[in-house]
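Only one structure is covered here, and it is reproduced in the block below.
The values are calculated or read from the model by the stated rules, or taken from the named source; none is laboratory data. Quick caveat, the model's predicted, so the values are computed rather than measured. Every residue, glycine among them, receives a Cβ derived from its backbone with ideal geometry; neighbour counts consider all protein chains shown. Ligands, DNA and RNA are stripped out before the accessible areas are found, and what is left, the full protein with its side chains, is counted by its heavy atoms. Shrake-Rupley method; radii C 1.70, N 1.55, O 1.52, S 1.80 Å.
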Amino acid sequence: MRLTCLVLALALCPAGAAEKTLAALKQDLRKALASGDARLLGQACAALRTLGGSEAAGVLLEQVEKAPAQSETYWLLIDGAASFGDESALTAVGRFVVERGKSPAARDVLFALERNRLSTKSAALIPIMDECAGELALGAVRQLGEVRVPEVVDALIARLARTKDSDGELRRYLAGALANITGEHFGTSIVNWEGWWKGHRGRELTGRKARERTTGTARDEVDAIRDEQIIGIEKLSPRRIVVIKGKCVDWERFDHNFDHIEHMLEQMDFPHTVITKEDFEAGFALAESMVVCINCMMWRPHCVCPDCKPGEDAGNRLHRCTGCNRHDVREYKFSGAAVERLKRFVEAGGFLFTEDWVLEELLERAWPELVGSGPKLPEKNVKALPAPGKAGHRYLEGVFRPPQDIVVTGKHRPKGRTVVRPPEEDVRAYFSRAAHTWKIDNESPAIVVKKKSEVELLLTSPDLARIARGNDALAVTFRPGKGPRKGAVLHILSHFGKQTSQDSEYGIQNMLLGFLIDANAQRGRVLPPARKGPEAEEKGTKEEPEEAPEEAPEEEPEEEPEE
Ligand SMILES: [Zn+2]
Ligand SMILES: [Zn+2]
Ligand SMILES: [Zn+2]
């Protein structure tokens, strides 16, 4: 998959528009919405932002919930609302999220604030942190952790002081946000934070020195909150994460994997075990595994005769044999028994990461009532957007947010420093519209969602809707099975490893990171502690069992995020 990050600046308003009255701008917005012209709409949003104030923000927020979901209009309005720079408008944006927190639009507005680089956004975020629960509160804390101003430290410490013992995840987020801003590490100890802050409130907030990391992956840019979540993963026993790769008679001539998730895990420094499909079919046990990743591979019948030469394209990424009459045809599709074992693995709490062709080979066979495969798509670049309401989903964390520094401004601006031109005058300087472009491989099957109530769309593409009979999903997740031990499936339409820029590479890696973090958080209630000592039945493990690192203490079971 090629994932190109296009950072589009909001169009500036035409000269003179700033002097227009609110009523006139409201009129312009209505006209732009009626015309369906994205450029006009961008201009109308920018003019309202330049005017500023709670009423201007209110005009946009009022339209946000009326816009058709999954449309360009919807995202222009969401970004417009999140791009305000003044405190009174941002306070109104915060109220909207607090009051309409259950609506997809409110969630998406909160997560669009991630791309606003002004410290004044704390006016929206602090009330959300204080008054919302679950994902919304966590999302606000994560963003506040980048705003290095004393008022934010005050608010984070005050929030920490009000947490209960049962607020484990919120406490960890608060501790991470405080560490990000201050560079100090007092964990969740309120006494230590309060004591330290008393003596340091007047000093400059320098931020946390990131741990030196040179994996060349999205891991290098994570904040303190995510960093802590990841630490548990690097200490796992290699048996916890299993990659199933393709196998063929001749590795030199044929790599039957279209992708190598094991290389990504290696680069990220996550212990894992690589097995071949044959190992799995022969009974490789998943009893201690929390995640199974399956490489997209050539599983359809194909000829491996060394004398045959590839001729014309025969479809399904295969070529007709030429120059030889002897053929040696192999097929590596999962057996029915293997499908059944993977289905049971997930329904008993396991996490399964799949891409592209694995949809047909495995997912639609294991869960035909939930997902299916649609028309084969042509090779194409398509625009990727979060599904409405999902911009803050934990598997999309970091996918649409460029690394950025927050500009200290508004009432937070240090006294006595001359600012020639405040950055908030130019929206391009502090708000980026992020859209990704995904490369779809030739002959990838569209994802058909059969049960909307159980399959969550994460990423969608308006371009895909047009070419794939309305099947616009680029990434989906679902939790099949019954009872408290359900695992999860994350399926993406295309691949790792074909991206052209670091931004796009990191975007897709962040989805895998989010999935691994979630799996690790659920592990405690699903799996027994890793066994020590050699295990004869597990052939093909990457490391000698006796070299396996110590198992990290089991996590507390995660609370379901409150709605
Ligand atoms: Zn593939
Ligand atoms: Zn041959
Ligand atoms: Zn042949």
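Below are the figures for this structure:
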read-out	value
Some residue of region 371-384 being farther than 19 Å from SER444 by Cα and away from ligand 1 (no atom under 16 Å from the Cβ)	no
Residues (modelled with pLDDT under 95, of a type in the set (Asp, Glu) and either in a helix (DSSP H, G or I) or open to solvent by less than 10 Å² (accessible area, probe 1.4 Å) (or both)) located in region 63-104	GLU72, ASP79, GLU87
Any chance ASN316 is at positive phi and either open to solvent by 20 Å² or more (accessible area, probe 1.4 Å) or away from ligand 2 (no atom under 15 Å from the Cβ) (or both)	yes
Strands (runs of 3 or more DSSP E) enclosed by region 416-466 - at least 2 residues per element that are of a type in the set (Val, Ile, Thr), open to solvent by less than 40 Å² (accessible area, probe 1.4 Å) and at pLDDT below 85	433-440
Complete set of residues in region 313-332 that are in a loop (DSSP other than H, G, I, E, B) and more than 16 Å from ligand 1 (Cβ to nearest atom)	GLY323, CYS324, ASN325, ARG326, HIS327, ASP328, GLU331
Neighbours by Cβ (under 6 Å, 6+ apart or cross-chain): first from region 321-332, open to solvent by 60 Å² or more (accessible area, probe 1.4 Å) and within 7 Å of ligand 2 (Cβ to nearest atom); second assigned to a loop (DSSP other than H, G, I, E, B) and of a type in the set (A, V, I, L, M, F, W, C)	ARG326/CYS305; HIS327/CYS305
Odd one out for ILE181 among (1) touching a Lys or Arg at 6+ places or on another chain (Cβ under 6 Å); (2) open to solvent by 60 Å² or more (accessible area, probe 1.4 Å); (3) part of a helix (DSSP H, G or I)	(2)
Index of the failed condition, HIS200 passing every other in (1) under 27 Å from TYR506 (Cβ atoms); (2) open to solvent by 40 Å² or more (accessible area, probe 1.4 Å)	(1)
Qualifying residues in region 203-221 (those that are part of a loop (DSSP other than H, G, I, E, B) and of a type in the set (A, V, I, L, M, F, W, C)) - the one least open to solvent (accessible area, probe 1.4 Å)	LEU205
Hits in region 333-357 (condition: in contact with a helix residue (DSSP H, G or I) (Cβ under 8 Å, 6 or more places away or on another chain), within 16 Å of ligand 1 (Cβ to nearest atom) and either open to solvent by 30 Å² or more (accessible area, probe 1.4 Å) or farther than 16 Å from VAL291 by Cα (or both))	LYS333, PHE334
For ASP279: the one exception among (1) within 15 Å of ligand 1 (Cβ to nearest atom); (2) more than 13 Å from ILE241 (Cβ to Cβ); (3) buried (at least 16 other Cβ atoms within 10 Å of the Cβ)	(1)
Odd one out for GLY145 among (1) under 29 Å from LEU464 (Cβ atoms); (2) at pLDDT 90 or above	(1)
Single residue of GLY139, GLY176 found to be in contact (Cβ under 8 Å) with a residue 60 or more places away in the chain and open to solvent by less than 20 Å² (accessible area, probe 1.4 Å)	GLY139
Answer from GLU169, GLU184, GLU151, GLU194 - the residue that is touching a residue at least 40 places away in the same chain (Cβ under 8 Å), more than 16 Å from LYS121 (Cβ to Cβ) and acidic (Asp, Glu)	GLU169
Only one of PRO68, PRO104 that is within 23 Å of PRO386 (Cβ to Cβ) and free of Cβ contacts under 8 Å to residues at least 60 places away in the same chain	PRO68
